[in-house]
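Working notes, structure below.
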Amino acid sequence: MVVEIQDTLVSMDIFTEYFFCNIDDCKGACCVEGDAGAPVLMEEINTLENATEEVWDQLTPQAQAVITEQGVVYPDPTGELVTSIIGGKDCVFARQDANGCTYCTIQKCKPISCSLYPIRLSQVGNMVALNYHRWEVCKAATTLGKVKDVKVYQFLKEPLIRRFGQEWYDEVLLVAKELEKVSFKR
């Protein structure tokens, strides 16, 4: 089931599922697991290229080699632009700290898809669909979300506003409030 908000289709899971990133447990696995990089919007490429110049010395030699050879993005098998990766899985912008926790060297200007995770965006006609992506590496985040009583839309408030605007998010809050009323009546 989905809810239409402005020009988006929002999955009900975003209102009902719990999520609160638990970096202490996952160690930033989302940056180094999987088979493709993070989705990138065309308008983000220039920002990524500029950020790369600023953090070049912080990147691993392997990341520098990949970026030199193919750039900061590449088309995945479906043709979607994604961040370049090392060895078929690690994002070129990922770096491990002394405690083995992975972090993003371009944290302040990383792709919106990273900031919005576990929400994945897709185009459906002239609308953008927001879907909750379940991934085993985020199991601790769902558990912590339940403990803290934080739903996906609440955890991702800032990146959702950054991507869709305050007015859109205010509508999300109205839908969430209506859903709470319905669930209390059951």
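Return the calculated 222 nm mean residue ellipticity for the chain, to the nearest 500 deg cm²/dmol, obtained by summing -39500 (n - 2.57) across DSSP H runs with n ≥ 4 and dividing by the residue count. Numbers along the way, then the final one.
Values: 9 runs with 76 residues, N = 186.
So the helix-based figure for the chain works out to -11000 deg cm²/dmol.
May I ask what percent, to the nearest 5, of DSSP beta bridges between residues of the chain are antiparallel?
85
Report Rg/Rh for the stretch 1-111, rounded to two decimals, where Rg is the Cα radius of gyration and Rh the Kirkwood radius.
1.02
Have a look at P61, P111, P77 and tell me which one the Gaussian network model of the chain (Cα, springs below 10 Å) gives the largest fluctuation.
Most flexible of the set in this elastic network: P77.
Provide V152, V32, V92 in ascending order of the number of other Cβ atoms located within 10 Å of each residue's Cβ, fewest first.
Listing V152, V32, V92 from fewest to most nearby Cβ atoms yields V32, V152, V92.
Quick one: compute the contact order of the chain, relative version, from alpha carbon pairs under 8 angstrom and 6+ residues apart, as a percent. Write out the running numbers ahead of the final one.
Working: 273 pairs, mean separation 61.2, N = 186.
The normalised contact order for the chain reaches 33 percent.
Using the count of nearby Cβ atoms within 10 Å as a rough guide to exposure, how do W135, W56 rank from fewest to most?
W56, W135
Between beta-carbons, use under 14 Å as the cut-off and find the net charge around I45, counting Lys and Arg +1, Asp and Glu -1. Provide the component values of the computation, followed by the final result.
Numbers: positive: K110; negative: E43, E44, E49, E53, E80.
Cβ neighbours under 14 Å give a net charge of -4.
Past 27 Å, Cα to Cα: identify those pairs from K89/K146; K27/K181; K110/K181; K148/K177; K110/K177; K27/K151, in the order given. Don't skip to the answer; put the middle values down first.
On the way: K89/K146 29 Å; K27/K181 37 Å; K110/K181 37 Å; K148/K177 18 Å; K110/K177 31 Å; K27/K151 21 Å.
The answer is K89/K146; K27/K181; K110/K181; K110/K177.
Fewest to most neighbouring Cβ within 10 Å: what's the order for Y153, Y103, Y169?
So the ranking, lowest neighbour count to highest, is Y103, Y169, Y153.
In whole angstrom, how long is each semi-axis of the equivalent ellipsoid of the chain, when you take the square root of 5 times every eigenvalue of its Cα gyration tensor and sort them from largest down?
Largest first, the chain gives 31, 19, 13 Å.
Only Lys, Arg, Asp and Glu count, each charged at its Cβ (+1, +1, -1, -1), so figure out the dipole size of the stretch 40-186 about its Cα centre, rounded to 20 debye.
Its charge dipole is roughly 1000 debye.
Quick one: angle between helix 166-185 and the longest Cα principal axis of the chain, in degrees between 0 and 90, rounded to 10, please.
With rounding to tens, the tilt is 50 degrees.
With a cut-off of 19 Å, note down the residues of the stretch 117-145 whose backbone N falls inside the zone around a label point 7 Å from the Cα of D25 toward its beta carbon.
From the stretch 117-145, the list is 117-119, 132-145.
Under 16 Å from the Cα of K157, which aspartates and glutamates turn up, not counting those fewer than eight places away in the same chain?
Of all the aspartates and glutamates, those that pass the test against K157 - Cα under 16 Å, at least 8 places apart if same chain - are D13, E17, D149, E167, D170, E171.
Any read-out appearing in this document is the output of simple, stated calculations on the displayed coordinates, not a laboratory observation. The model shown is predicted, which means the values in this text are computed figures rather than measured ones. Heads up, the Cβs are rebuilt from the backbone with ideal geometry, glycines too, and the neighbour counts pull from every protein chain shown.
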